[in-house]
Amino acid sequence: MKRSFSISSRALVIFALLSGALIPLAYAFHGWERPAQPSQPSQLQDVIPHPVDPAGLILASKHEILTGGRSGKWESLWDRRYSDTFHSVLSFETLPEFIFALSDRRILCGRVSDRDGAEIFRADPSRNEQVLSFAVLPEDPDYWLAGTSRGLFESDDRGRTWSRFPGFPISGEDASVAVLKFYGDRLFVATSRKLMISRDLKRFEPLLTLGASRDDQEAFSIEDEKTSQFQGRIHALVPSSTAPGLLWLGTSAGVLESRDYGVSWKPLPSSGLKSRDIRKLLVLPKSGSLAASSSDGIYLYDFAQARWKELFGGLSAAPRALSLAGEDHNSLAVISDDGFAFYPLGGEVQPPPPLSIPSPEKLELFHRLLKLEPSARDIQSAVVRYSNTGSQKTKRWQWESRLKALVPQFSVGKNYSRGNSVDIDRGSTTDADRYILGPDNLDRDIDVDVSWDLKDFIWSSDQTSIDSREKLMIELRHDMVSEATRLYHERRRLQMEIFFTPASGEMDHVLRQVRLDEITALLDGMTGGYLSQALDRLYDENPAFMRLWEYEGPASPAALSAAPASA
């Protein structure tokens with residue numbers, strides 16, 4: 001562990017004890033808690049707070065709707081009755097006793113107390129229509145909307161009769177209603193790449209159109225991409241619970257923010273995100289913070305530092321659903337391939353952690369370490385070198401394709417033939433003709449042909465193939481360098497946090513150092529071990545650096561208050 005930290009034997013003993021049967025690890029530190037799971041947890045699809053029981057939850061499995069809570073006792077509300085599978089479950093404040101379950105082909109509605117759901121909407125299977133979204137008008141609980149892959153439908157009698165929404169696109173990709181959200185007196189409708197608003201429930205106005213990202217260029221035209229300011233696909237839309245007009249849009253290329261009801265947008269920083277493919281967004285009502293689930297983790301946005309913080313501590317599978325949980329909404333509930341999990345959020349406003357005031361000698365040692373460690377430029381160069389994605393490679397290809405014209409093309413031919421020599425001696429009228437055989441005729445020849453195609457020295461057809469390969473290589477280099485840069489600065493921030501912020505205990509200190517070593521290992525994987533090799537040499541030459549990562553215990557308030565202001 002010499003590369004980045006040192007763990008004492010006492011810390012390892014504590015870690016082993018807490019990881020065993022004495023205390024559940026979920027309660028030993030701030031992390032994910034996994035309660036008792038329902039049967040077939042891998043089939044869980046969605047989760048929402050119970051509309052009546054503040055401490056309960058509603059889960060949607062593929063063929064069943066379940067109710068339960070942190071105790072882990074799960075009961076079946078609606079049994080499987082249809083061949084299609086559930087993908088979402090919803091509830092609304094204006095209809096607190098009802099839940100709505102969405103499957104691929106239909107929408108079910110029922111009271112929680114009735115333990116049964118009735119079909120209120122069915123998609124047209126002959127047109128391959130799928131149900132995607134659903135919403136209830138807050139001012140009129142009898143007015144419902146259903147979004148499908150082929151348009152928007154409305155009902156003003158609680159789902160008894162449905163009609164196509166007038167004025168909404170009914171063809172093409174714009175007809176696929178992925179998101180429905182009422183915010184005040186406004187209705188927001190989002191397709192995969194377009195956001196629209198209706199202020200009177202009669203006509204729609206476009207607010208935002210996303211262009212094609214690199215992964216979606218086959219789905220969208222290049223012309224659409226050039227006319228769009230932002231790229232990606234829309235996955236989620238959430239309004240702020242504290243600031244009027246504040247909206248966040250989750251897309252496959254990050255999170256966008258609007259402070260004027262969607263008229264103008266700006267991207268939120270993506271610092272801290274492993275993947276910018278945001279699938280779910282959630283506003284935490286107490287703190288007003290923003291939670292997001294991407295294709296590889298759960299994150300909380302820190303508005304003060306303008307960066308995302310990943311929630312570590314036990315979630316090992318990609319999340320597919322995100323919701324609030326608990327009587328005071330003090331936990332996150334997450335559905336993944338591993339099943340169901342909680343994450344405690346803590347208080348409404350988290351005070352900043354106390355800063356440790358190191359000695360001048362130790363502070364100078366820390367600054368010296370930061371200067372001697374490989375820089376971000378060194379890491380980027382190591383990534384390009386290890387992945388063999390440098391620009392010199394394509395330049396060499398281009399010159400080699402031209403120099404190929406100076407190399408002659410050789411062709412060698414060999415001819416060999418053999419024939420008989422026959423002559424005829426014609427006799428007189430009384431004598432017969434005679435055939436005379438002479439020596440065989442032998443024909444041997446070898447030809448050598450040398451040619452140059454000098455026009456390839458000016459322009460070669462290989463240049464087209466090289467340009468295509470260069471484009472792919474630039475994209476790969478950009479992705480790898482961007483990820484390495486993000487990991488490098490995340491590691492640097494974690495170093496500063498360990499050094500300046502005292503750990504709450506030795507367990508917390510060890511966990512932060514394990515995270516530091518994890519980031520170092522990720523960078524090693526992208527550089528062929530360059531960072532660890534450099535750190536090994538650095539710590540061998542400067543053993544005093546090991547003092548920086550020793551656990552010294554949490555700083556006492558008295559010590560902090562007694563420190564001189566000049567420090």
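Structure summary
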| item | result |
| --- | --- |
| Subset of region 234-244 that is modelled with pLDDT under 90 and not polar (S, T, N, Q) - its residue that is nearest to Ala325 (Cα to Cα) | Ala243 |
| Test: residue in region 457-465 that is surrounded by fewer than 16 Cβ atoms within 10 Å (Cβ to Cβ) and at pLDDT 75 or above | yes |
| Total residues in region 177-203, condition among the aromatic types (Phe, Trp, Tyr) and over 18 Å from Ser155 (Cα atoms) | 1 |
| Filter result (over 21 Å from Leu145 (Cα atoms), surrounded by fewer than 18 Cβ atoms within 10 Å (Cβ to Cβ), charged (D, E, K, R) and modelled with pLDDT of 85 or more) within region 51-110 | Asp53, Lys62, Glu75 |
| Residue list for region 123-166, filter: under 32 Å from the mean Cα position of the chain (by Cα), in a loop (DSSP other than H, G, I, E, B) and either farther than 17 Å from Lys181 by Cα or of a type in the set (A, V, I, L, M) (or both) | Ala123, Asn128, Glu129, Gln130, Arg150 |
| Residues satisfying the stated conditions in region 397-424, i.e. of a type in the set (Lys, Arg) and surrounded by 12 or more Cβ atoms within 10 Å (Cβ to Cβ) | Arg402, Lys404 |
| Conditions (1) in contact with a Ser or Thr (Cβ under 9 Å, 6 or more places away or on another chain); (2) under 21 Å from Ile120 (Cα atoms); number of the one not met by Asp157 | (1) |
| Subset of region 501-553 that is under 21 Å from Ile379 (Cα atoms) and basic (Lys, Arg) - its residue that is nearest to the chain's Cα centre (by Cα) | Arg515 |
| Pair list, Cβ under 8 Å, 6 or more apart: region 281-292 residue free of Cβ contacts under 8 Å to residues at least 12 places away in the same chain and within 16 Å of Leu311 (Cβ to Cβ), other residue in a loop (DSSP other than H, G, I, E, B) and among the charged types (D, E, K, R) | none |
| Verdict on Thr527 being surrounded by fewer than 18 Cβ atoms within 10 Å (Cβ to Cβ), more than 22 Å from Glu361 (Cβ to Cβ), at pLDDT 85 or above and polar (S, T, N, Q) | no |
| Residue satisfying condition, being hydrophobic (A, V, I, L, M, F, W, C) and without any contact (Cβ under 8 Å) to a residue 12 or more places away in the chain, within set Met480, Met473, Met496 | Met496 |
| Complete set of residues in region 111-122 that are part of a strand (DSSP E or B) and surrounded by 19 or more Cβ atoms within 10 Å (Cβ to Cβ) | Ile120, Phe121 |
| In region 480-499, the residues that are touching a helix residue (DSSP H, G or I) at 6+ places or on another chain (Cβ under 9 Å) and either surrounded by fewer than 17 Cβ atoms within 10 Å (Cβ to Cβ) or not in a helix (DSSP H, G or I) (or both) | Glu483, Thr485, His489, Arg492, Met496, Glu497 |
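Conditions tested, residue by residue: (1) within 19 Å of the chain's Cα centre (by Cα); (2) modelled with pLDDT of 90 or more; (3) outside any loop (DSSP other than H, G, I, E, B).
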position: Ser270; (1), (2), (3): yes, no, no
position: Ala292; (1), (2), (3): yes, yes, yes
position: Tyr299; (1), (2), (3): yes, yes, yes
position: Ala317; (1), (2), (3): yes, no, no
position: Tyr343; (1), (2), (3): no, no, yes
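Residue-by-condition table, conditions (1) closer than 21 Å to Asn128 by Cβ; (2) touching a Gly at 6+ places or on another chain (Cβ under 9 Å); (3) outside any strand (DSSP E or B); (4) modelled with pLDDT of 90 or more:
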{"site": "Phe168", "(1), (2), (3), (4)": "yes, yes, yes, no"}
{"site": "Ser171", "(1), (2), (3), (4)": "yes, yes, yes, no"}
{"site": "Asp174", "(1), (2), (3), (4)": "yes, no, yes, no"}
{"site": "Val177", "(1), (2), (3), (4)": "yes, yes, yes, yes"}
{"site": "Lys181", "(1), (2), (3), (4)": "no, no, no, yes"}
{"site": "Phe188", "(1), (2), (3), (4)": "no, yes, no, yes"}
{"site": "Ser192", "(1), (2), (3), (4)": "yes, no, yes, no"}
{"site": "Arg203", "(1), (2), (3), (4)": "no, yes, yes, no"}
{"site": "Leu208", "(1), (2), (3), (4)": "no, yes, no, yes"}
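The values are calculated or read from the model by the stated rules, or taken from the named source; none is laboratory data. Quantities reported herein were computed from a predicted structural model and do not represent experimental measurements. Here the Cβ is made from the backbone with ideal geometry for all residues, glycine too, and neighbour counts use every protein chain on show.
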